[in-house]
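What follows is one structure encoded as structure tokens, with my remarks underneath.
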Amino acid sequence: MPPSLDRPTAGERALQRVVNEIRDGLRHGYFDLAVSCEVIGQGRRRLQVRAGKHYQFVIPADECGPSETSSDLRHEGAVDPQS
């Protein structure tokens, strides 16, 4: 079943949670935020956000897109740690 236009995907909800935690932390003046991710069965990702509370999102493989290589990241303007 394709995602509904008015219902955010798991990836969008996860990103919104991270943005909201940063905004709340900036408003309070201090915060501690940890984000981790692991690949679980069928190419899905388990994203965990820890910021006072713990949030967990399981993101389907089709929302993750193709894997990027280090050359892709360099091309996008990321810093190459070997330069």
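The values are calculated or read from the model by the stated rules, or taken from the named source; none is laboratory data. What you see is a predicted model; the values in this text were computed from it and never measured. Note that we place each Cβ from the backbone using ideal geometry, even for glycine, and neighbour counts take in every protein chain shown.
Collect the residues in segment 38-83 that are at pLDDT 85 or above, part of a helix (DSSP H, G or I) and not small (G, A, S), keeping them in residue-number order.
Q42, D62, E63, C64
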Single residue of A10, A34 found to be among the aliphatic types (A, V, I, L, M) and touching a residue at least 40 places away in the same chain (Cβ under 8 Å): A10
Any hit, segment 22-37, residues being modelled with pLDDT under 95 and surrounded by 14 or more Cβ atoms within 10 Å (Cβ to Cβ): yes
